[in-house]
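K.L.:
Sharing a structure here in structure tokens format.
The values are calculated or read from the model by the stated rules, or taken from the named source; none is laboratory data. The structure displayed is predicted, hence computed values, not measured ones. As a convention, Cβ positions derive from the backbone with ideal geometry for all residues, glycine included, and neighbour counts pool all protein chains shown.
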Amino acid sequence: MKRSFFGRQPRPEGVRRSGGRRIAGGQINFSVFIFVILIIISTVLLLMSTRDFIFGVKNVGLSLFSGIRNGIYEVNSFIARTVLSISELATLRQEHASLLRQLDRFEEIERSNAEIYQENIRLKEQLDFSRTLRYRHIPAQISGRDPDNLFSAVVINKGSYSGVANNMAVVAWQNGTQALVGKVIQTGVFESLVMPVFDINSQVSSRFSVTRYEGILEGQGSSDAALMMRFVPRRARDDINNGDIIVTSGMGGIFPPGINIGRVSGVNILEYETTLEIIVVPMIDFSRLEYVFVIEEEIAQMFITQD
């Protein structure tokens, strides 16, 4: 055995003290680590090679892609439903507007039918009355008002072409009653002007239908005002009652006798007069007057003569 220069025996190669043992232990730990890694890799490879693992991976992938696909489908469906709803809403609005227009037309047709029905009833009443008249007459319709006398004279749609002449009496049928309207004061070819009994210039020879007392019936200038029967004998006071009917007397040669004019609504007794003033309400509601009948003059004269 060799000794060192300083007299110490040299150590064998590869053999060291405690520090050398630490180095050998480190190598063992590294080998174990490598061994464990290899075992893990082998186990993973083994598992991946099994059928269940493959199916598991496939299931995971299928679930993942299925969820994505369902999400895309739901988004597309939502967008499609939204667009479809907007389109349907616009269509519904158009249909609603169309239905409203149809409803308006139906309501208009219904109103027209109701008006036609009422018009037919009124015309039938006028026709029935026309058949009962005992003298020839010319049916006419109120077509307007005199522009120079808006609240009095009325225009009818018959003139000289139809046989209408001045001073012909005009009557009407209203509420089941025949009554005097007035007389023709101006005649055109196709239209005529009628002065109603309420005109301030109107004067009609009249009498009580029962007691036969006579007087002159005058208008007060308005269809809303009562007529005034003047020159009734004072002695007739006890025989006059409200509701008594006043009719034409036939005097004067214009109005046939016996045509209703109105009903008594009051009596004015003038202290220093020998006659009475009788307040008479016309039987005709001139605000609702539509149809009239013009009595032919020669026929009226014939009945006046007979009376």
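Each row is one residue, and each column tells you yes or no for (1) β-branched (Val, Ile, Thr); (2) in contact with an Asp or Glu (Cβ under 6 Å, 6 or more places away or on another chain); (3) on the phi < 0 side of the Ramachandran plot; (4) at pLDDT 95 or above.
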{"position": "147", "(1), (2), (3), (4)": "no, no, yes, no"}
{"position": "155", "(1), (2), (3), (4)": "yes, yes, yes, no"}
{"position": "158", "(1), (2), (3), (4)": "no, no, yes, no"}
{"position": "164", "(1), (2), (3), (4)": "yes, no, yes, no"}
{"position": "169", "(1), (2), (3), (4)": "no, no, yes, no"}
{"position": "225", "(1), (2), (3), (4)": "no, no, yes, no"}
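K.L.:
Quick check on region 214-227: of everything there that is aliphatic (A, V, I, L, M) and part of a strand (DSSP E or B), which residue is surrounded by the fewest Cβ atoms within 10 Å (Cβ to Cβ)?
P.N.:
The selected residue is 216.
K.L.:
Which count do you get for residues in region 185-204 that are part of a strand (DSSP E or B), more than 41 Å from the chain's Cα centre (by Cα) and either over 17 Å from residue 251 (Cα atoms) or among the aromatic types (Phe, Trp, Tyr) (or both)?
P.N.:
Residues in region 185-204 being part of a strand (DSSP E or B), more than 41 Å from the chain's Cα centre (by Cα) and either over 17 Å from residue 251 (Cα atoms) or among the aromatic types (Phe, Trp, Tyr) (or both): 3 in total.
K.L.:
Sticking with this one: Out of curiosity, is residue 230 in a strand (DSSP E or B) and in contact with a strand residue (DSSP E or B) (Cβ under 9 Å, 6 or more places away or on another chain)?
P.N.:
Judged against the criteria, residue 230 is a match.
K.L.:
What residue, of 3, 8, 22, 69, is at pLDDT below 55 and surrounded by 10 or more Cβ atoms within 10 Å (Cβ to Cβ)?
P.N.:
22
K.L.:
While we're looking at this one, here's another question. Looking at region 269-307, which of its residues are in a strand (DSSP E or B), within 22 Å of residue 224 (Cα to Cα) and modelled with pLDDT under 90?
P.N.:
291
K.L.:
Of the residues that sit in region 86-140 and are closer than 30 Å to residue 180 by Cβ and modelled with pLDDT of 80 or more, which one is surrounded by the fewest Cβ atoms within 10 Å (Cβ to Cβ)?
P.N.:
Only one residue fits best here, namely 136.
K.L.:
Could you figure out which of (1) in contact with an Asp or Glu (Cβ under 9 Å, 6 or more places away or on another chain); (2) outside any loop (DSSP other than H, G, I, E, B) isn't true of residue 258?
P.N.:
Against the list (1) in contact with an Asp or Glu (Cβ under 9 Å, 6 or more places away or on another chain); (2) outside any loop (DSSP other than H, G, I, E, B), residue 258 comes up short only on (2).
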